[in-house]
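First up is the structure itself, then whatever we jot down about it.
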Amino acid sequence: MEVRALINQSFDAHALRKVLHKRDFSHPDLKNQDVKALLETYSGAISQDGFKIGAARTVTIRGKQVKVLDNVCDCLALRKVNDTIRRIYHIKQADRNKIVKQLSSLLSEQTPYAIVRADIKSFYESINAKNIIDKLHGDAYISQESMVILENYISDSTQYVGVPRGTCISATLTEMALQKFDISISRLEGVYYYARYVDDIIILTYRNPCDAIRKIKENLPEGLEINNKKTRIIHVPCKKYSSSSLDRLNCKETVACDKQSIAFDFLGYNFKFQCFIKAKKEEFKEVKIGIANKKIGKIKKRLISAFFDYNKTEDFDMLHDRVKFLTGNFRVPTSRVNRAIMSGIYYNYRMLSQPSESLRELDHFLRLLINQRSSTFRLKLYSLPSLDVKTLNHCSFRAGFKNRIRHRFSVQNLSQIKKCWLYA
């Protein structure tokens, strides 16, 4: 008997309890309630003919529309459908840290190759949801009850144009839509490494990289296209080896390598290494991993916003919390009961090379703000009392990373901390 036949697709109270999250218990509908009895009520409601997930609230985050379900019963129904699809189709999102580790190892090798960086344009908004629904119907692995719930939700949210951002089902449907694409690109001749993390793609190939880009365009599911402005080809090395042939990278032994440095950003990191082949082929090139330039800029903007907000409110405790938030680590309050999700300077960038130039740069910038040694800020900020300056000087990106310093923030506190960063 196939494993998928053993998966419980019912919406009974026991099944709903498995998809209940820790944060759900703070919802007014669950506070001080008999959870078991309430789940029985939800189960009965979901199992009735005509059950439909209510309208999702739409919020805008960084210019993107995100769907939010406020009703607990609706959330549990959609989570259960999502859990069923992920288990039946073995859908698992790529591991960011694993990709970075693999990429660092491969970039250090003493072989000529080309790097292709590509980005899928308007990823969630462009996926043809109807094709996914048709596949689910055709395979007939998902129960009719689950299909009705899913179809109604997608139809009401996007009218099948794109996949709604924000809910648990979003990532599952997009990963499912690109399963065949991932297999086809990874099997291309000459491609010895392929990875995709949501809409970010990277390829290492010893063939003509233009062929890989052409195949990406040809194999992307209906409605999707790559962002040509963000597509980049990097030859390693750039002079000693060339791609003059349409078939493969050729060695020009008569051309001296100029040992130039190559750098590119991917998944929030910056990869930097020297472009040359060492005399001893068994040696490896050093690959330095830093924080992506865009991410460093974002952290700096948030620091500036925090100090300017202090300029208006003179609330030092909030300024201190914001600096601790940026330089340290914390537990995400939306984690499940049996799983701790950590975030912060170490947990978001744990693959950084040490010592880290990125962390040193951020610490230097923070010190300028605290001690007001930069002419850019000196005239615009209140002078901090010496005791407050001493308190803030204890905060450090390098210390937060090295010692994995953790801070406790309540949900309300986190909301206040992020308030001045809505556009930063």
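A few remarks follow.
- Among E225, E175, E189: highest mean-square fluctuation, GNM of the chain, C-alpha pairs under 10 Å: E189
- Above-threshold pairs, the threshold being 25 Å between Cα atoms, out of K22/K101; K98/K230; K215/K294: K22/K101; K215/K294
- Kirkwood Rh and Cα Rg combined as Rg/Rh, the chain: 1.01
- V72 sits with roughly 10 Å² accessible to a 1.4 Å probe, with DNA, RNA and ligands left out of the calculation.
- The stretch 36-154, Cα convex hull volume normalised per residue, Å³: 179
- Selected from Y206, Q354, G138, residue furthest toward positive end of dipole (the chain; charges at beta carbon): Q354
- Put F325, F271, F25 in order of accessible area, highest first, and with a 1.4 Å probe you get F25, F325, F271.
- Label point distance in nm, N293-T58, each placed 7 Å from Cα along Cα→Cβ: 3.6
- Linear extension gain, H394 paired with K92, 0.36 nm per residue minus alpha-carbon span: 104.7 nm
- Across the chain, the mean sequence separation of Cα contacts (distance under 8 Å, 6 or more residues apart), normalised by length, yields a relative contact order of 15 percent.
- Per residue, the chain exposes 54 Å² of solvent-accessible protein surface, assessed with a 1.4 angstrom probe and all protein chains in place.
- Centre separation in Å (Cα based) which lies between the stretch 169-236 and the stretch 90-119: 12
The values are calculated or read from the model by the stated rules, or taken from the named source; none is laboratory data. Computed from a prediction, not measured in an experiment: that's the story for all the values here. Methodologically, a virtual Cβ is constructed for each residue, glycine included, from the backbone with ideal geometry; neighbour enumeration extends over all protein chains shown. Heavy atoms of the whole protein, side chains included, go into the accessibility calculation; ligands, DNA and RNA do not. Shrake-Rupley method; radii C 1.70, N 1.55, O 1.52, S 1.80 Å.
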